[in-house]
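Encoded as structure tokens, the structure appears first; notes follow it.
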Amino acid sequence: MAVGSPENRDTWGSKVAFILAAAGSAIGLGNIWGFPTQAGRNGGAAFLVIYLIAVAVIGAPVMLSELIIGRKTQRNPVGAFKQLAPRSAWYMVGGLGVLGGVLILSFYSVIAGWTLAYIIKAVTGAFRSEIDTAALYNSVSGSAVPAIGWHLLFIVITVWVVLGGIRQGIERWTKILMPVLFALLVLLAIRAVTLPGAGTGLDFYLKPDFSAVTAGVVVNAVGQAFFSMSLGMGAMITYGSYVSKKDDLVSSAAWVTGADTLIAMMAGLIIFPTLFASGFDPNVEGPGMVFVVLPSLLASIPPEPYGGLIFGTGFFVLLGIAGLTSSISLLEVGVTWAVDETGFSRKKAAITLASIAFIVGIPSALANGAVPWLTSIPGIGMDFLTLMFTIFGVFALIVGALFISVFVGWYWGIENAGEEVRANDGKFPLGRTWAFLIRWLVPIALAGVLINTVLQTF
Ligand code: PHE
């Protein structure tokens, strides 16, 4: 049989399994760490409103488009474009995605590695009232050996899950992990909104003041939406490629989008009341929100030391789980590509690509104090991790999504795409709306965002 021919491919066991896995990819550090940080810096409730609009009119149509490309071709992102647009350069969009996946994984696993360290700290009772969270954060992220060590451990766990393949690895784990994650979030949200003084935080988060909205705020909302929904780099093409022809794509896309958005909103509900209740400024820099501010709240939950132990461990286990179900998708894009296109075994592909991500991630691991010139790169002023995030976690995703929308809307065409959607039951709810958005609104908005970003950077 030819390499990567669709006949010998694994598929998800059911539609629910696929939705959980895709939601697992979407829900990650981007929701729990990224979203509240962005909302805090960009005006709170007004950002939330703009974010929701961006998700609905830009993110969701792109999500559906990626799933369509994946299921139609049952290929990795590179192979998918090769099949739909032979003898053209479109496959390079898929190539960008494969590369992006490995490079995003390189820094993602550094941050996710910190969560592993925090789990150990929480379990061993570090979350007590006298905790110095800034010192705790420094001890985890600021010196070379622990930072690289946790990064390595997280990559190893990621590889281990991916080695199991689609059904036995990714599906089996996300089915268990996602519901646990959800339950933990609900518990923490209840705890947060019932804190004394939670009201100011809820106002900041839920009562919009649009006077401070600038183009920059809109750009940040769009970037956050793409990263959070795992769009623009082929993760959803890859996951879509394992979807059975019997399943309905529109409702799947809606479920994944809805779940991702719900979790981000819940993370805000946890973070802002606690932030204000403990007198912090919502405009915290970098990773401070989840790794410095929140632990002080977790540590203060009575009775000592059990409150900190239980809620601290719970929260960071949750963050680690969310990170893991995302990092496996980042690696899976490249693994599916290597298995389909190069004939590598799953094992060889996973180990090779993860090793690359590990090595490329070392400077990111050293960029939080361990090595000064990586912590503030001369001439740029940013740390290396933030730089990688800006290039591959924001810019590349927007470029990728722009190409995907032009490809589906104009090159391959909405008729072909619509046919794939209707393959199971002949229906395409909201088909016209989707077609309008993917042809006009999405590409124009993304081009605007890119122009704005370029103008602001130079
Ligand atoms: N969506 C993931 C998160 O929110 C990150 C991610 C981005 C995963 C792109 C895959 C692809 O953490």
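Being free of Cβ contacts under 8 Å to residues at least 40 places away in the same chain, of a type outside the set (Val, Ile, Thr) and at positive phi is true for just one of Gly343, Gly381, Gly369. Which residue is that? Exactly one of Gly343, Gly381, Gly369 is free of Cβ contacts under 8 Å to residues at least 40 places away in the same chain, of a type outside the set (Val, Ile, Thr) and at positive phi, namely Gly381. Among the residues of the stretch 123-136, are any under 22 Å from Val371 (Cα atoms), of a type in the set (Phe, Trp, Tyr), open to solvent by less than 10 Å² (accessible area, probe 1.4 Å) and touching a residue at least 12 places away in the same chain (Cβ under 8 Å)? Looking through the stretch 123-136, none of the residues is under 22 Å from Val371 (Cα atoms), of a type in the set (Phe, Trp, Tyr), open to solvent by less than 10 Å² (accessible area, probe 1.4 Å) and touching a residue at least 12 places away in the same chain (Cβ under 8 Å). The set of residues from the stretch 51-89 being surrounded by fewer than 24 Cβ atoms within 10 Å (Cβ to Cβ) and β-branched (Val, Ile, Thr) comprises Ile53, Val55, Val57, Thr73. Only one of the numbered conditions (1) over 27 Å from Asn220 (Cβ atoms); (2) open to solvent by less than 40 Å² (accessible area, probe 1.4 Å) is violated by Ala396, and that is (1). Kindly list, by first and then second residue, each pair from a residue in the stretch 26-47 that is within 11 Å of Val213 (Cα to Cα) to a residue that is within 16 Å of the ligand (Cβ to nearest atom), limited to pairs with Cβ atoms under 6 Å and residues at least 6 apart or on different chains. So the pair list comes out as Asn42/Asn220; Phe47/Ala39.
In summary, Ile166 fulfils each of the numbered conditions (1) in contact with a Ser or Thr (Cβ under 8 Å, 6 or more places away or on another chain); (2) farther than 18 Å from Thr274 by Cβ; (3) surrounded by fewer than 16 Cβ atoms within 10 Å (Cβ to Cβ) with the single exception of condition (3). Taking the criterion of being under 19 Å from Arg432 (Cβ atoms) and either open to solvent by 30 Å² or more (accessible area, probe 1.4 Å) or of a type in the set (Phe, Trp, Tyr) (or both), the residues of the stretch 407-419 that qualify are Trp410, Trp412, Ile414, Glu415, Asn416, Glu419. For the stretch 24-67, a residue qualifies if it is more than 16 Å from the ligand (Cβ to nearest atom) and not in a helix (DSSP H, G or I), and the qualifying residues are Asn42, Gly43, Gly44. In the condition set (1) within 27 Å of Asp247 (Cα to Cα); (2) within 14 Å of the ligand (Cβ to nearest atom); (3) among the aromatic types (Phe, Trp, Tyr), Phe18 is compliant with all but (2).
The rows are residues; the columns are (1) more than 16 Å from the ligand (Cβ to nearest atom); (2) open to solvent by 20 Å² or more (accessible area, probe 1.4 Å); (3) closer than 19 Å to Asn31 by Cβ; (4) out of contact with any His (no Cβ under 6 Å at 6 or more places or on another chain).
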{"residue": "Ala259", "(1), (2), (3), (4)": "no, yes, yes, yes"}
{"residue": "Pro303", "(1), (2), (3), (4)": "yes, yes, no, yes"}
{"residue": "Trp337", "(1), (2), (3), (4)": "no, yes, no, yes"}
{"residue": "Phe344", "(1), (2), (3), (4)": "yes, yes, no, yes"}
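Evaluate the stretch 68-87: report whether one residue or more is more than 16 Å from the ligand (Cβ to nearest atom), without any contact (Cβ under 8 Å) to a residue 40 or more places away in the chain and either under 16 Å from the mean Cα position of the chain (by Cα) or at positive phi (or both). Looking through the stretch 68-87, at least one residue is more than 16 Å from the ligand (Cβ to nearest atom), without any contact (Cβ under 8 Å) to a residue 40 or more places away in the chain and either under 16 Å from the mean Cα position of the chain (by Cα) or at positive phi (or both). Within the stretch 213-224, being more than 18 Å from Phe403 (Cβ to Cβ) and either within 16 Å of the ligand (Cβ to nearest atom) or buried (at least 23 other Cβ atoms within 10 Å of the Cβ) (or both) holds for Asn220, Ala221, Gln224. Highlighted here are the helices (runs of 4 or more DSSP H) found entirely within the stretch 220-317 that include at least 1 residues which are without any contact (Cβ under 8 Å) to a residue 40 or more places away in the chain and over 23 Å from Ala122 (Cβ atoms): 249-277. The listed residues are Phe210, Phe227, Phe291, Phe204, and the only one of them that is more than 16 Å from the ligand (Cβ to nearest atom) and buried (at least 19 other Cβ atoms within 10 Å of the Cβ) turns out to be Phe204. Candidates are the residues of the stretch 264-284 that are open to solvent by less than 30 Å² (accessible area, probe 1.4 Å) and within 13 Å of Tyr51 (Cβ to Cβ); the one that is modelled with the highest pLDDT is Ala264.
The values are calculated or read from the model by the stated rules, or taken from the named source; none is laboratory data. As the structure is a prediction and not an experimental result, all values here were calculated from the model. Don't worry about glycine lacking a Cβ; one is built from the backbone with ideal geometry, like all the others, and counts go over all protein chains shown. Remember, those area values only see protein heavy atoms, side chains included, never the ligands or the DNA or RNA. Shrake-Rupley method; radii C 1.70, N 1.55, O 1.52, S 1.80 Å.
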